[in-house]
Amino acid sequence: MTTQTTTSMTPTAVEAPPVIELRDIHVSFKARTGTLLRADVVNAVNGVSLAVRRGETLGIVGESGCGKSTTAKVLLGLQKPTSGQVLFRGEAIAHRNAAARKRIGRVVSAVFQDPSTALNSRMLIRDALRDPLDVHGIGTAHSRQERVRALVEMVGLPASALDVLPTQLSGGQRQRVAIARALALEPDMIVADEPTSALDVSVRAQILNLLLDLKNELGLSLVFISHDIQTVHYISDRIAVMHGGRVVEEGPADHIMATPDHPYTRKLLGAAPSLLHPELATKNRSAQ
Ligand SMILES: Nc1ncnc2c1ncn2[C@@H]1O[C@H](COP(=O)(O)OP(=O)(O)OP(=O)(O)O)[C@@H](O)[C@H]1O
Ligand SMILES: [Mg+2]
């Protein structure tokens, strides 16, 4: 792979580096069940290599405990790997210092399962959305207000939502606010870890379509994590199937669904009924 050929290395043949690349990432923890005398080790991530390119959606699917969220945290700079390399726009990040985290935080942002944890319950939505701009010292007081108004509009909420507390919104509306907050710093990439799992089935489709629309409009890269392979297929260009801390199969989403190679992927495909709202099963992905 790294051997250079003299014939094909023209400048135009060189692709832009991925937004983020993981190379042989391992993450181990002391087991929560370990005792003082015997600290068992959990290999949560066991040699994962993944690349996320500009403008693509990578879906990560696998059952509970297979290492999806730990991989997400490594992508977000929130979890230091035990070994392996994280390349950020082609550049290796050697040490996770505060400056490096801040830099990643401007380019990669997170949407988690439970929007309530991302939002301070005593902060008006207006302040919650302005907070990342304040922290990073972006713009003037006036331009921040403008940006906050634009953000609620982008996620399909009325301007009146700015002057309420998170508890006055529905679960779906709170997830919209969490998405708006994730967009505040104009990231290149969003990592969405089970963003619809805690929501009513009826609003899951709306949030999925919102993420798809924003990704297309803003040219974002998206990492979408779920244990439901149908949901992952709906939103993703490529799918990585994780099992036991490893990626056991990866490829174009339609290809993985039509001709799954790995027995575990076939098991996921034959598993329990999809959590995807039936409305989506027949819906044109590019609609809305
Ligand atoms: N901070 C931690 N300390 C100890 N063990 C951990 C820690 N975080 C994760 N683990 C363990 O690592 C493994 C992978 O966890 P992870 O949260 O990445 O899985 P997941 O695929 O996101 O699961 P789920 O679908 O339930 O969210 C699990 O066995 C989990 O118990
Ligand atoms: Mg998880």
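What shape does the chain take by its C-alpha gyration tensor, where a ≥ b ≥ c are the square roots of the eigenvalues and a/c under 1.5 counts as rounded, a/b above b/c as prolate, and the rest as oblate?
rounded
When DSSP beta bridges are limited to those with both residues in the chain, what percentage is antiparallel, rounded to the nearest 5?
In the chain, approximately 55 percent of DSSP beta bridges are antiparallel ones.
Name the long-range amide H neighbours of Val191: under 5 Å, sequence gap of 5 or more, or other chain; modelled H, no Pro or chain starts.
Ser109, Ala110, Val111, Val223
Would you look at the GNM of the chain, springs on alpha carbons closer than 10 Å, and say which of Ile207, Ile25, Ile93 moves the most?
Among Ile207, Ile25, Ile93, the largest GNM mean-square fluctuation belongs to Ile93.
What is the set of long-range amide H partners of Val247 at a cut-off below 5 Å, with H atoms built 1.01 Å from backbone N?
Here the answer is Ser49, since their amide H atoms fall under 5 Å of that of Val247.
Exposed loop sites here are GluC sites (Glu not before Pro) in DSSP loop states with at most 14 other C-beta atoms within 10 Å. What is the longest stretch of the chain lacking them?
Segment 64-288 is the longest.
Values quoted throughout were computed directly from the atomic coordinates according to the rules given, and no laboratory measurement underlies them. Quick caveat: nothing in here was measured; it's all calculated off a predicted structure. Every residue, glycine as well, gets a Cβ built from its backbone with ideal geometry; the counts of neighbours run over all protein chains shown.
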